[in-house]
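The block underneath contains the structure these notes are about, expressed in structure tokens.
The values are calculated or read from the model by the stated rules, or taken from the named source; none is laboratory data. Worth saying up front: this structure is predicted, and the values here are computed from it rather than measured. Here the Cβ positions follow ideal geometry from the backbone for every residue, glycine too, while neighbour counts run over all protein chains shown. Each accessible area value is taken on the protein alone, full model and side chains, heavy atoms only, with ligands, DNA and RNA left out. Shrake-Rupley method; radii C 1.70, N 1.55, O 1.52, S 1.80 Å.
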Amino acid sequence: MAEDRKDFQSDAPWASAMSHRPDPNRVGSLQMPAQKIVFDRPPAIPPNPAVSTAAIVPAKGNAKASDPDLPREKEPAYYDVPMLKKPLWKWEIATYFFLGGMSTGAHLLGRAAARFGDGGDVTKMAAYLSFLSILPGPPLLIHDLGDPKRFHHMLRVWKPSSPMNLGTWAIMAYSGAATSEVVRQYLNDREAHLKPRERNALNKLVNNGTLLLVQDAVGAPMALLVASYTGVLLSTTSNPLWSKNPWLGPLFTASAISSGAEGIMLLLDAKRKGSPADPASHRVLRTVDTLAHGVELACMAGFSTYAGEKAHTLHEGKMKGWHRASLAGIIGSEVAKYAPLPRMLKKPQRVLSNLLGLFGGFALRWSMVMGGIEAAKDPRTTRLVSDPAHTPSA
Amino acid sequence: MTLPLPIVGETNPKLRAAGAYLQHAATEAVTNFPNAFPPQRTEVPQPMDANDRKQIMGFFTDTTLCIGCKACEVACKQWNQLPADGNNFTGHSYDNTGHVSATTWRHVAFKEKMAEETQDGVSTSRWLMMSDVCKHCESAPCQHACPTGAIIYNQFGDVYVQNDICNGCGYCVVACPFGVIGRADTPHDDGHAHKCTLCMDRQEDGLTPACAKSCPTASIQFGPIDDLRAAARQREKDLHGRGNDKAYLYGCDSVGDYGPLNAFFVLEDHPNEYNLPVNPPQPFKGQTKRYLAGLAVGAALTAVGALLFGDTKRGGRRG
Ligand code: SF4
Ligand code: SF4
């Protein structure tokens, strides 16, 4: 009895009593012919324009979700249960967005200095910084998964229409370029310790022009992609704060460039003990940093205008402080940079400016990622995201 | 088989646990290596033939017929062996479920509309009852989002999460404009995303999905999507003919950027009264433009850097 039911295996006391019964979960074993689904087809009716509600429109007599005249409690709603699920992305993602951005910014500027300028210390610091800051990226991203041991499933498909998939491939390619750059830099730094023959080999193999060209041809576009996909990733969601916002991509990219410049400048200052000299390349980084900060502020303004009321979680509640901190970091960094201070204070001034800038960049990612969680918790905001009055067309 | 990793002498409980995890992971990796990239082993259902609309199956949920008996909610839980969500008391009429989730794939909404709330002067209290479900969007943001390819359109044209592939990244959860799909996140859960499968297993055996089968008032109807849409249009017309001019179809046709839903509804009130979005955003529309904006800003700033670096070089040579 129970023995001849191969598909029915259980040690439960009731199992033997049940074994004569067909297992309802295994219809196939009963050799039941598949039923044809019969559906009474109604006579075809041409759509009546007067009746068919082609668009999802509120029924007659109902107020719009955002009707300003309607008191808050009278707005159509389902007991204020949030309509959307809140994002599951937490500190790991915010931290990765910041570190990954800094890494790509440093890589881009370091390679630009090597190709078009003198390279030197800027390229050197950029190489180490971009490698070290992309290093924690993958562990952070994997830790954030619901099932971390399946992280490699991201790479089983090539699906560039999903920013997360495209981003994963871009990180793979970019970290290859960053690693090759740091290895090259390390070997060149050790050049003094090498025998002449090894030095020759080094210059032929590692400082090989073709190799560098390939590295830059892959590395630069991938760095740009890694810097910008994070913003696009947030914008391709239905979260009220992020949904379809076209300013997120430029905002995160500009912030990546400024964080990269600030990181390099900090390292340069750490290396140059006490010297008040301000070499030309350092000035370039300062200028690029200022420009990037300007673009960031412009994008923030654009972001707030586009999001409108849906961005209110940045202006009140838990994320208010972080949002203000990001603005304060960006503006404070510029103020500290150009404040006329005595010569002997130049170095602390530079360090303070760069630290403020980095803090601003981190606070920006933190307030954006965590602000999304706050926005999805707020029932009214989740209703606004689907309200035509609050969703400018793309 | 367990791999002999040297964790035997470790006394620090945290490090020991870390070692045990590594051991477990390594063992899994070695024993499951051939299965590490699932597509080689998993039979993926053939996606629908887009030309044969007869194959696309869907739900038509007529809320004017719903009596709120929750048979569908229970049938779904039973058939799909979904765990209980605990004994919650929300205070929201007869609805203690709240919302669809990773472990609740049908949810019956109860809304009490009291007489004083109506705006057209007719003082009758009434109930709004609706059996909510995954909308099986024809162009589903969750499917666009999924970076592992776990979410597919199956052979019935329905949106289906392959549980052996999902790695719980959580992107679909934020992509869905209806707040449907969720991740099973309690410690004893698998950490994967789950939602209504439109009873793909039952459909494969020629059976009606459990909820539609159990619905005593035919509020939930199941069938080929074109037939359902025609029936729904007729139903809307009938309702208007009987004087229920508030009834309208939700999701039968595309609205704005958002394509039609394969599980659509007849509603009698503002969509937000049922916790449905008025005009769901289709966030994947226009993403190329957003990429280009980001890339352009990055390239422009790098180019400015390159130019200035070039100047320093020339300046240096001159000086
Ligand atoms: S309702 Fe949500 S979960 Fe269901 S198919 Fe549409 S986007 Fe995906
Ligand atoms: S959680 Fe799973 S189903 Fe959802 S997007 Fe990530 S991999 Fe795909």
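In region B:205-232, how many residues are out of contact with any helix residue (DSSP H, G or I) (no Cβ under 9 Å at 6 or more places or on another chain) and open to solvent by 10 Å² or more (accessible area, probe 1.4 Å)?
4
Within region B:180-194, which residues are surrounded by 24 or more Cβ atoms within 10 Å (Cβ to Cβ) and more than 9 Å from ligand 2 (Cβ to nearest atom)?
Within region B:180-194, the first condition is being surrounded by 24 or more Cβ atoms within 10 Å (Cβ to Cβ), and the residues that meet it are B:180-181, B:193.
Matches in region B:180-194: B:VAL180 only.
If A:HIS152 passes every condition in (1) in a helix (DSSP H, G or I); (2) crowded, with 16+ Cβ neighbours inside 10 Å but one, which one does it miss?
Result: A:HIS152 passes all but (2).
What about B:CYS176, is it within 11 Å of ligand 1 (Cβ to nearest atom) and open to solvent by 10 Å² or more (accessible area, probe 1.4 Å)? Show your work before the answer.
On the way: within 11 Å of ligand 1 (Cβ to nearest atom): yes; open to solvent by 10 Å² or more (accessible area, probe 1.4 Å): yes.
Yes, satisfied.
Under 7 Å between Cβ atoms, at least 6 apart or on separate chains: pull out the pairs that start in region A:95-119 with a residue that is farther than 20 Å from B:VAL297 by Cα and end on any residue that is assigned to a helix (DSSP H, G or I) and aromatic (Phe, Trp, Tyr).
Cβ pairs passing all conditions: A:GLY117/B:PHE309.
Return yes or no: is B:GLY149 more than 14 Å from ligand 1 (Cβ to nearest atom) and at pLDDT below 90?
On the way: more than 14 Å from ligand 1 (Cβ to nearest atom): yes; at pLDDT below 90: yes.
Here the answer is yes, as B:GLY149 does meet what is asked.
Kindly evaluate B:LEU207 against the criterion of being more than 16 Å from ligand 1 (Cβ to nearest atom), within 21 Å of B:GLN81 (Cα to Cα) and at the interface with chain A (Cβ under 10 Å from one of its Cβ atoms). If you could, list the steps in order and put the result at the bottom.
Details: more than 16 Å from ligand 1 (Cβ to nearest atom): yes; within 21 Å of B:GLN81 (Cα to Cα): yes; at the interface with chain A (Cβ under 10 Å from one of its Cβ atoms): yes.
Yes: the conditions hold for B:LEU207.
Among the helices (runs of 4 or more DSSP H) lying completely within region A:276-340, list those that include at least 1 residues that are open to solvent by 50 Å² or more (accessible area, probe 1.4 Å) and closer than 13 Å to A:GLY371 by Cα.
Values: elements: A:280-307, A:312-315, A:320-338.
Counting at least 1 such residues, we get A:312-315, A:320-338.
Considering only region B:154-164, I want to know if a residue exists there that is more than 7 Å from ligand 2 (Cβ to nearest atom) and either of a type in the set (Ser, Thr, Tyr) or outside any loop (DSSP other than H, G, I, E, B) (or both). It would help to see each step written out before you state the result.
Going residue by residue through region B:154-164, those that are more than 7 Å from ligand 2 (Cβ to nearest atom) are B:154-160, B:162-164.
Next, only the ones that are either of a type in the set (Ser, Thr, Tyr) or outside any loop (DSSP other than H, G, I, E, B) (or both) stay: B:159-160.
Checked against the condition, which is being more than 7 Å from ligand 2 (Cβ to nearest atom) and either of a type in the set (Ser, Thr, Tyr) or outside any loop (DSSP other than H, G, I, E, B) (or both), region B:154-164 yields at least one hit.
Do the conditions hold for B:THR197, that is, is it of a type in the set (Ser, Thr, Tyr), open to solvent by 40 Å² or more (accessible area, probe 1.4 Å) and part of a loop (DSSP other than H, G, I, E, B)? Break it down into steps so the answer makes sense when it comes.
Values: of a type in the set (Ser, Thr, Tyr): yes; open to solvent by 40 Å² or more (accessible area, probe 1.4 Å): no; part of a loop (DSSP other than H, G, I, E, B): yes.
No.
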